[in-house]
């Protein structure tokens, strides 16, 4: 297993005047080559800060980060051509340029040869379903098209690792599935994918899930380890308080009976999923 | 080098989307400068050309202070600054790319303005020689604007007083006057500004005084180098601070 990303005791504090916010606290993390990592957590939990530290946009106050063997603190420029980054805002594209021109510009500043840019642009636009709109200005694109173009931009120089911050946000269910399928495809081809996301459905079964809370990793494991099949969530009102129980399907009737005996009303049975698991961890 | 050229290419592509801007650019300098030049003409014919070349050089500084000095603010407002920071291109390389595009832009503006004033009969020396000198002085105005860009990266609010800074520099450097007419203390300040030497060199070329042209260039080179050096240190320091604070998209 080749260690692609290593964080050792990484902390980051943001200071504004006399106030300070501890964004990340003593993060230890190792990501190996070819992993598909999804980082989840509430707003302000430190997800984007972690991603910015990994790509060198931010420097840690404490700790060491090594990406592809390069210490990020001093070697972020050397790392630039080896990683691809999708930033959360679609304003990171030039809206007054066409899709093709955006990619042409990006390839140019990443030092790609002209014919290589042309070849790769065509290849990616075709793969992402944007080929017929390649000469349209980005200002006329839908959110989904912009997200796909941002992805194409990040993949143009064939990075070894793709970092994507909220690439699925604001997408309709079909486009979400499409973008995830594309990410999985590149991951199968050997690219390491690190994705920050609030969208937690349809994720690849082999993905590793990291959950951040108040700047710390509170959950870390492969998605297929979290067992949702055969598990149900029971919600009910106990007096004026809403309660929640997780139970195996086989013991469902027994749990419901116990709840009713305790005086529970409005009993609802729901299928368990990653969202409710995250909610329980963050509660 | 090609990475830098792509910045200039991008600027050109975006500008080509705003066709009326080109029309505006071709006329604005003439209408801005004509009142000064025509008043000078009523006083003496040599003064009109002095005012014109002084104002044109100032206009190059004006374009560079807006284009290069505000380059970071512009990208921040667009939301594309973090992309530049993530790319293998240095911030200085990015500014050089912007500067290359501005050179094309300024040459276009200057050439048209020269034609307009020639039609009005304003004497301004051999046009090709003057254009060459403007281009050369433009390189120094670009280097001077890197100093301003570095300051803007550190003190974001400076961008909002960009125009007043340019006006102040124009006034101090003798854009429409001889600085010898200024009080001694103001003259001392004037000699610390590269624009002063660029204006003096251009006027000396119109007058055919090649000795003054070369001595002015000595002053231009030395003052510009000093500002450039401070600018480069400022950019380096500001970039490090941006990576600590994470304020790439704050303006």
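A few comments on the model shown:
- Flag if residue B:163 is within 13 Å of the chain's Cα centre (by Cα) and either outside any helix (DSSP H, G or I) or surrounded by fewer than 24 Cβ atoms within 10 Å (Cβ to Cβ) (or both): yes
- Those residues of region A:80-113 which are more than 9 Å from chain B (Cβ to nearest Cβ), closer than 17 Å to residue A:162 by Cβ and assigned to a helix (DSSP H, G or I), in sequence order: A:82, A:103
- Listed by position, the helices (runs of 4 or more DSSP H) enclosed by region B:48-143 that each have at least 2 residues that are buried (at least 23 other Cβ atoms within 10 Å of the Cβ) and over 14 Å from the mean Cα position of the chain (by Cα) are B:81-86, B:91-119.
- Residues that are in contact with a helix residue (DSSP H, G or I) (Cβ under 7 Å, 6 or more places away or on another chain), more than 14 Å from residue B:58 (Cβ to Cβ) and at pLDDT 90 or above, drawn from region B:134-179: B:135, B:142, B:143, B:146, B:147, B:148, B:149, B:150, B:151
- Single condition residue B:204 does not satisfy, out of (1) touching a residue at least 40 places away in the same chain (Cβ under 8 Å); (2) away from chain A (no Cβ under 14 Å); (3) surrounded by 14 or more Cβ atoms within 10 Å (Cβ to Cβ): (1)
- Residue list for region A:166-183, filter: surrounded by 22 or more Cβ atoms within 10 Å (Cβ to Cβ) and either at pLDDT 95 or above or closer than 23 Å to residue A:79 by Cα (or both): A:167, A:183
- Count of residues meeting criterion [at pLDDT 80 or above and in a strand (DSSP E or B)] in region A:218-231: 5
- When restricted to residues that are over 20 Å from residue A:27 (Cα atoms) and touching a residue at least 40 places away in the same chain (Cβ under 8 Å), region A:46-99 contains 17.
- In the condition set (1) within 14 Å of chain A (Cβ to nearest Cβ); (2) touching a helix residue (DSSP H, G or I) at 6+ places or on another chain (Cβ under 6 Å); (3) assigned to a helix (DSSP H, G or I), residue B:248 is compliant with all but (3).
- Some residue of region B:81-96 being in contact with a helix residue (DSSP H, G or I) (Cβ under 9 Å, 6 or more places away or on another chain) and more than 30 Å from residue A:78 (Cα to Cα): no
- Residue match in region B:21-29 (condition: within 14 Å of another protein chain (Cβ to nearest Cβ) and without any contact (Cβ under 8 Å) to a residue 60 or more places away in the chain): yes
- Some residue of region B:231-239 being over 30 Å from residue A:91 (Cβ atoms) and either touching a helix residue (DSSP H, G or I) at 6+ places or on another chain (Cβ under 8 Å) or more than 14 Å from chain A (Cβ to nearest Cβ) (or both): yes
- Entry remark, region A:54-75: residues being more than 8 Å from chain B (Cβ to nearest Cβ), part of a helix (DSSP H, G or I) and touching a helix residue (DSSP H, G or I) at 6+ places or on another chain (Cβ under 8 Å) number 2 in total.
- The lone exception for residue A:47 - which of (1) touching a strand residue (DSSP E or B) at 6+ places or on another chain (Cβ under 7 Å); (2) within 8 Å of chain B (Cβ to nearest Cβ); (3) buried (at least 19 other Cβ atoms within 10 Å of the Cβ) it fails: (2)
- Check on residue A:117, free of Cβ contacts under 8 Å to residues at least 12 places away in the same chain and over 30 Å from residue A:41 (Cα atoms): no
The values are calculated or read from the model by the stated rules, or taken from the named source; none is laboratory data. Please read all numbers here as calculations on a predicted model, not as lab measurements. Here Cβ is always computed from backbone atoms with ideal geometry, including for glycine, and neighbour counts include all displayed protein chains.
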